[in-house]
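Structure, as C-alpha cells:
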Amino acid sequence: MTVKSTTIKHLLLASATFGALPAYAQDQFRVCADPLNPPYSTQAQSGYENKIAALFASQLGQALYYFWLPERIGFVRNSLKSENDDGTGYKCDVIMGVPAGYDLTATTQPYFHSTYVLLIAKGRGWDDIATAEQLAQLPFERRKNIKIAMFDRGPGTEWLQKHDLLEQGVPYQSMTGDAEHNIAMQIENDLSRGVIDMAILWGPMAAYVQSKQPKNELIAIPMQSSEGVRFDFSIAMGVRQGDDERKKQLNALIDKNRDEIARIITGYNIPLLPIPPRHPPKDDD
C-alpha cells in the first residue's frame with residue numbers, strides 16, 4: 001500500500017470514527033500554542049502538550065500543524081477565534097490546555113487534575129518546614145525575612161493574604177511579556193539567585209522549576225484546597241464554541257489514550273490527582 005493510500009485510509013477511518021469535520025481541517029491537527037512556554041509547549045515541541053498533540057495527530061493520520069503565538073491577553077481571540085486572511089478557515093483549532101469549563105472556549109472532558117505546590121529553597125533557614133501550615137504559623141521574627149513570589153492573581157496570593165504573609169511577598173506578573181523567559185523560567189532563575197526563597201506555583205510550573213534545579217535543592221509541598229482558597233484544578237482542551245464534532249473527536253481520543261496521557265504527564269514529574277466526577281455538562285462543556 002502506498003504512503004498516499006495509507007494516509008487516505010487513515011483520514012477515512014478518522015472521519016468514520018469521529019464524525020465529519022470541515023474539509024480544511026481533515027488533513028491537519030491544528031494547534032494554537034505558545035512557542036516558549038515550558039513545560040507546556042515550545043517551538044522545539046518538547047512540552048507535554050506537544051507530546052499529546054503529536055500522539056493525537058498520529059492516531060488521526062493527520063499532519064501536526066502549529067500556529068505559534070505568545071500566550072498573553074487576547075491569545076484565544078487572536079489564535080483559536082481568528083480567521084485566516086485567505087478565507088480558508090481559522091488559524092488553528094485546538095488549545096491543548098485550558099481550565100475545565102473555561103469560559104472563552106468550549107472545553108473537552110478533563111484529561112488531568114493537579115494542584116499548586118509550595119517550593120522552598122534549601123539552605124536558607126527554612127529546611128524545617130514540611131507543611132504549608134508550618135509556614136503560616138511561623139512567629140514574626142522568623143517570617144519577616146522570607147521572600148515569597150507573589151503573583152498579580154491566583155490562589156497563592158490569596159493564601160498569603162489569608163495568613164498575613166503579604167508583607168513577605170515579592171510581586172510578579174502572571175504573564176511576563178518577556179520574549180525569552182516565561183514565568184516558570186523567571187521563577188527558577190530568581191530562586192537560584194536568592195531573589196526569592198519560596199514560590200507557590202501551579203503543578204506543571206513547579207515541576208519545571210524542580211527539573212532545572214540540582215536534585216534535592218528544593219522542598220516541594222503540594223498545597224491543599226481549603227475554605228476560600230482552591231488549589232487543585234482540572235485541565236481540558238479548548239475548541240471554538242459550536243465546534244461540536246471536533247470536541248467529540250477530542251473526547252474520544254482522551255478516552256482512548258488516558259493511560260498514555262498520564263504516562264506523558266508524569267514523565268514531567270507533574271503532580272497528578274484523581275479527576276473529580278463531573279457535574280452534568282453545560283451546552284459548551
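The values are calculated or read from the model by the stated rules, or taken from the named source; none is laboratory data. What you see is a predicted model, and the numbers here were worked out from it, not measured in a lab. Because the Cβ atoms are built from the backbone with ideal geometry, glycine has one as well, and the counts that use them run over all protein chains shown.
When VAL209, VAL195 are screened for being β-branched (Val, Ile, Thr) and surrounded by 15 or more Cβ atoms within 10 Å (Cβ to Cβ), only VAL209 passes.
Taking residues in region 179-202 that are more than 19 Å from PRO271 (Cα to Cα), and partners anywhere that are in a loop (DSSP other than H, G, I, E, B) and acidic (Asp, Glu), the pairs with Cβ atoms closer than 9 Å and at least 6 places apart or on different chains are ASN182/ASP34; ASN182/GLU71; GLN186/ASP178; LEU191/ASP197; LEU191/GLU217; SER192/GLU217. Listed by position, the helices (runs of 4 or more DSSP H) inside region 96-190 whose residues that are under 25 Å from LYS215 (Cα atoms) number at least 3 are 132-136. Looking only at residues of region 129-161 that are modelled with pLDDT of 95 or more and among the charged types (D, E, K, R), we find that the one that is nearest to ASN257 (Cα to Cα) is GLU158.
If the condition is being under 19 Å from the mean Cα position of the chain (by Cα) and over 16 Å from THR42 (Cβ atoms), then region 178-208 contributes ILE187, ALA199, ILE200, LEU201, TRP202, GLY203, ALA206. Checking region 120-129 against the condition returns no match, with no residue being surrounded by fewer than 17 Cβ atoms within 10 Å (Cβ to Cβ), among the β-branched types (Val, Ile, Thr) and either touching a Lys or Arg at 6+ places or on another chain (Cβ under 7 Å) or under 30 Å from PRO276 (Cα atoms) (or both). Is at least one residue of region 153-170 touching a Pro at 6+ places or on another chain (Cβ under 7 Å) and among the aliphatic types (A, V, I, L, M)? No: region 153-170 contains no residue that is touching a Pro at 6+ places or on another chain (Cβ under 7 Å) and among the aliphatic types (A, V, I, L, M).
Scanning region 240-255 for residues that are in contact with a strand residue (DSSP E or B) (Cβ under 6 Å, 6 or more places away or on another chain) and either buried (at least 24 other Cβ atoms within 10 Å of the Cβ) or under 17 Å from HIS113 (Cα atoms) (or both) yields LYS247, LEU250. Can you find even one residue in region 142-150 that is outside the structural domain of MET205 (by TED's automatic domain parsing) and of a type in the set (S, T, N, Q)? Checking region 142-150: not a single residue is outside the structural domain of MET205 (by TED's automatic domain parsing) and of a type in the set (S, T, N, Q).
Could you look through region 100-119, keep only residues that are under 16 Å from the mean Cα position of the chain (by Cα) and of a type in the set (A, V, I, L, M), and pick out the one that is surrounded by the most Cβ atoms within 10 Å (Cβ to Cβ)? Here the answer is VAL117.
Residues that are polar (S, T, N, Q) and either within 18 Å of ILE196 (Cα to Cα) or within 30 Å of the chain's Cα centre (by Cα) (or both) within region 120-148 comprise THR131, GLN134, ASN145, listed in sequence order.
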